[in-house]
Amino acid sequence: KDVLSLTDNRKAQAPALSEGELIEDEPLADTTIRITGATAAEYPAPGIVRIGDELITYTGTSTISGTEISLTGCVRGTNGTTAEDQSLGDRVQWCLQYTTTNAVDIAYDLLINYAGVDPSYIPITDWNSERDIWLPQFNVSAIISEPVGVNELLGELSEQCLFYIWWN
């Protein structure tokens, strides 16, 4: 079988859909955001979340009880977005962020952590050699603020950074 079929946009998305919702209304001044329907592991710290059209950075996560958590050290309206009052029940989507990360390393992360490809199928030593020789200038910074198909992300990445991935 073609192991790259695991990247199908319907099966593999990055980041995964977050199930957490706001426990209460969140006015602009709040630096702590309370979420229900989630665990702290779903919101690794530090990180970025999206509520509506607003991106919010946070420095910590703590468990309130069971499936209720809080994000602490929140800075509202970051990364070019506008801070907005948020409402009870709004979905809190964790964002995948890459900061000056080589395109090959992003492709590896997407394949392993989001498409579920077994690392033994990827000749990472060969990939790293190719990266170091031909692709050192392709460092990417991006925030993916809603689930996008891994195949789509890999297609955009390989097109813009001039490399190919194929099953051998």
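The values are calculated or read from the model by the stated rules, or taken from the named source; none is laboratory data. Remember, it's a predicted structure, so these values are computed and weren't measured experimentally. Cβ sites come from the backbone with ideal geometry, for glycine too, and all protein chains shown count toward neighbours. Surface accessibility is based on the protein's heavy atoms, side chains included, excluding ligands, DNA and RNA. Shrake-Rupley method; radii C 1.70, N 1.55, O 1.52, S 1.80 Å.
Of the numbered criteria (1) part of a loop (DSSP other than H, G, I, E, B); (2) β-branched (Val, Ile, Thr); (3) under 15 Å from the mean Cα position of the chain (by Cα), the one residue 78 fails is (3).
Being basic (Lys, Arg), open to solvent by 70 Å² or more (accessible area, probe 1.4 Å) and touching a strand residue (DSSP E or B) at 6+ places or on another chain (Cβ under 6 Å), is that true of even one residue in region 7-29? Within region 7-29 (the criterion being basic (Lys, Arg), open to solvent by 70 Å² or more (accessible area, probe 1.4 Å) and touching a strand residue (DSSP E or B) at 6+ places or on another chain (Cβ under 6 Å)), the answer is no, since none of the residues qualifies. Among residues that are buried (at least 21 other Cβ atoms within 10 Å of the Cβ), over 30 Å from residue 127 (Cα atoms) and either at pLDDT 95 or above or not hydrophobic (A, V, I, L, M, F, W, C) (or both), residue 106 is not included.
Considering region 53-65, and only residues there that are modelled with pLDDT of 95 or more and open to solvent by less than 70 Å² (accessible area, probe 1.4 Å), the residue that is nearest to residue 144 (Cα to Cα) turns out to be 55.
When you scan region 27-37, do you find a residue that is within 26 Å of residue 117 (Cα to Cα) and assigned to a loop (DSSP other than H, G, I, E, B), even just one? No. Checked against (1) surrounded by fewer than 18 Cβ atoms within 10 Å (Cβ to Cβ); (2) of a type outside the set (Asp, Glu); (3) not in a helix (DSSP H, G or I), residue 120 passes all but a single condition, namely (3). Within region 59-82, residues that are on the phi > 0 side of the Ramachandran plot reach partners that are open to solvent by less than 50 Å² (accessible area, probe 1.4 Å) and of a type outside the set (A, V, I, L, M) with beta carbons closer than 7 Å, at six or more positions or on different chains, in the pairs 73/58; 73/60; 77/54.
Filter region 30-45 for residues that are surrounded by 15 or more Cβ atoms within 10 Å (Cβ to Cβ) and under 26 Å from residue 142 (Cβ atoms) and give the result. Scanning region 30-45 gives 33, 35, 38, 39, 40, 42, 43. Taken together, the criteria place residue 97 among residues that are open to solvent by 70 Å² or more (accessible area, probe 1.4 Å), closer than 20 Å to residue 17 by Cβ and within 16 Å of the chain's Cα centre (by Cα).
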